[in-house]
Amino acid sequence: MKINKVVFPVGGLGKRFFPITRTIPKEMLGIIDKPLIHYAFEEAVAAGIEEFIFVTRRGKDSIEDYFDYMLTNSEYFHIKTGSVCYVRQSEPLGLGHAVLCAKNLIGNEPFAVVSADDLIVHEKSCIGEMIKHYNGSNMVASINVASAEVSKYGILDVAHETDKFLIAKSVDEKPSPKSAKSTHAIVGRYILSNKIFDVLGNLEPGIGGEIQLTDALLKMIPSCGLTGFKFEGKRFDCGSREGLLAAILHVANQSEALSCIIKNFYKGEI
Ligand code: G1P
């Protein structure tokens with residue numbers, strides 16, 4: 001099935017990176033010479049997506065400025081004029097709320113959501129692979145995390161597992177390690193039915209007082225299903241300082257010139 005639209009939720013505060021994110025959007029933090037959001041956009045373009053919706057907010061204007069530049073310099077992206085739009089999330093009320101803000105721009109079709117915080121490095125586009133396998137069930141990218149880490153994620157309760165997929169019977173946002181039903185965590189790639197907007201519009205705030213996308217996914221399991229996609233590639237949690245540093249080192253290590261710097265650092269020459 002063709003998925004034509006992607007939502008980038010870029011309205012988060014980036015508290016884990018204060019003070020830099022007081023004035024610079026966390027999505028604009030650099031992996032050497034490209035900001036995180038560049039990678040998310042690139043992944044969506046590689047998936048054949050043609051309409052790009054940013055859910056943005058106060059203080060995030062540099063993302064719009066960046067894409068003005070990128071889209072007029074065809075060495076980076078070949079995108080049709082008018083295919084990028086911005087909708088405002090006036091308050092940071094959670095991922096579910098951010099997705100709901102895009103409702104009027106989606107219409108009657110399934111759509112993708114890509115979070116720039118989760119950098120996934122692989123020759124194949126992760127969201128592109130998910131689109132290839134999308135069959136109408138809400139789909140999330142999933143990885144196994146350490147048990148101590150489950151409280152950072154949406155965690156799938158899995159009824160059935162195959163090589164590539166996890167068929168979920170339930171999902172819980174940020175459970176404690178004791179109450180978690182598994183260590184299968186959601187990472188920030190989703191293919192969602194547009195019916196999710198009705199559910200999101202009627203949700204009470206969940207954990208952290210936020211409108212949680214996971215709560216909407218849970219409510220839709222009986223009607224729509226929920227599939228975890230076991231993607232290939234390295235994933236970096238760039239919403240954390242450790243993850244961002246690991247991503248920078250990984251990308252630098254791919255480049256001959258920059259990997260020398262890392263080697264010199266370990267030799268004590270820097
Ligand atoms: C969000 C989702 C969570 C998911 C995570 C992936 O949490 O609510 O279900 O596992 O992204 O990165 P956040 O990191 O915004 O708190």
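With viscosity set to 0.692 mPa s at 37 °C, what whole-number translational diffusion coefficient in µm²/s follows for region 1-99 from Stokes-Einstein and a Kirkwood radius over Cα pairs?
Rounded to a whole number, D works out at 233 µm²/s.
Tell me the volume per residue, in Å³, of the convex hull enclosing the alpha carbons of region 124-262.
Values: hull volume 18.1 nm³, N = 139.
Spread over its residues, the Cα hull of region 124-262 gives 130 Å³ apiece.
How big is Rg to Rh over the chain, alpha-carbon atoms, Rh as the Kirkwood inverse-mean-distance radius?
Details: Rg = 18.3 Å, Rh = 19.1 Å.
For the chain, the value is 0.96.
R57's amide H: which non-local residues (gap 5+, or another chain) put their own amide H closer than 5 Å, with H modeled 1.01 Å from N in plane and none for Pro or chain starts?
Q89
To make sure I understand the rule: partners must be lysines, Cα under 29 Å from the Cα of K2, and not fewer than 8 residues away in the same chain. Which ones qualify?
Cross-link targets: K34, K80, K103, K124, K132, K164, K169, K195, K219, K230, K234.
Can you tell me how region 155-203 classifies by the Cα gyration tensor, rounded, prolate or oblate, using a/c under 1.5 as the rounded cut?
Details: a/c = 2.20, a/b = 1.35, b/c = 1.63.
Oblate shape, in that a/c is at least 1.5 and b/c is the bigger or equal ratio.
Which translational diffusion coefficient, to the nearest whole µm²/s, is obtained for region 63-137 from the Stokes-Einstein equation, given a Kirkwood hydrodynamic radius over C-alpha pairs, 20 °C and 1.002 mPa s?
142 µm²/s
Would you kindly state how much longer the chain becomes between K263 and K34 on full extension, computed as 0.36 nm times their sequence separation minus their alpha carbon distance, in nm to one decimal? Each step should come with its number before you reach the end.
Numbers: separation 229, 0.36 × 229 = 82.44 nm, distance 2.22 nm.
Value of the extension gain: 80.2 nm.
Looking at region 87-152, which GluC sites (Glu not before Pro) are in a loop (DSSP not H, G, I, E or B) and have at most 12 other Cβ atoms within 10 Å? Please report the intermediate quantities before stating the final value.
Values: sites: E123, E129, E149; in loops: E123.
When the GluC sites (Glu not before Pro) of region 87-152 are filtered for loop state and at most 12 Cβ neighbours within 10 Å, E123 remain.
Can you figure out the FRET efficiency of C85 with E123, using R₀ = 25 Å and their beta-carbon distance, to the nearest 0.05? Before the final figure, lay out the partial values.
Values: r = 29 Å, r/R0 = 1.17.
After rounding to 0.05, the efficiency reads 0.30.
Return the FRET efficiency for the residue pair K181, N104: r is the Cβ-Cβ distance, R0 is 45 Å, and the value is rounded to the nearest 0.05.
Details: r = 35 Å, r/R0 = 0.78.
E between K181 and N104, to the nearest 0.05, is 0.80.
Please state, as a whole number in µm²/s, the translational diffusion coefficient that the Stokes-Einstein equation yields for region 2-52 at 37 °C and 0.692 mPa s, with Rh defined as the Kirkwood radius across alpha carbon pairs.
On the way: Rh = 12.1 Å.
Estimated diffusion coefficient is 272 µm²/s.
Take the alpha-carbon positions of region 85-196, form their convex hull, and give its projected area averaged over all directions (one quarter of the hull surface) in nm². Could you put the intermediate results ahead of the total?
Working: hull surface 32.7 nm².
Over every viewing direction, the Cα hull of region 85-196 projects on average to 8.2 nm².
Whole-Hz Karplus ³J(HN,Hα) for region 78-94, in order, using 6.51 cos²θ - 1.76 cosθ + 1.60 and θ = phi - 60°, x for Gly and Pro?
For region 78-94, the Karplus curve yields 9, 10, 5, 4, x, 8, 10, 9, 10, 10, 9, 10, 5, 10, x, 9, x Hz.
Could I have the simple spin-label model distance between E149 and K15, label points 7 Å from Cα toward Cβ, reported in nm to one decimal?
2.1 nm
Tell me, how many Å apart are the Cα centres for region 70-107 and for region 211-246?
A separation of 19 Å, based on Cα centres.
With unit charges on the beta carbons (Lys and Arg positive, Asp and Glu negative) and the dipole taken about the Cα centre of the chain, which residue among Y39, N264, I186 sits farthest to the positive side?
I186
Show me, for region 242-251, the HN-Hα J-couplings you get by feeding each phi into the Karplus relation (A = 6.51, B = -1.76, C = 1.60, θ = phi - 60°), rounded to Hz, glycine and proline as x.
5, x, 5, 5, 4, 5, 4, 5, 4, 5
Among DSSP bridges having both ends in the chain, what percentage is antiparallel? Round to the nearest 5. Can you show the working numbers first?
Details: 27 of 44 bridges.
Within the chain, antiparallel bridges account for around 60 percent of the total.
Values quoted throughout were computed directly from the atomic coordinates according to the rules given, and no laboratory measurement underlies them. Everything quoted here is computed from the prediction, not taken from an experiment. Note: ideal-geometry Cβ built from the backbone for every residue, glycine included; neighbour counts use all protein chains shown.
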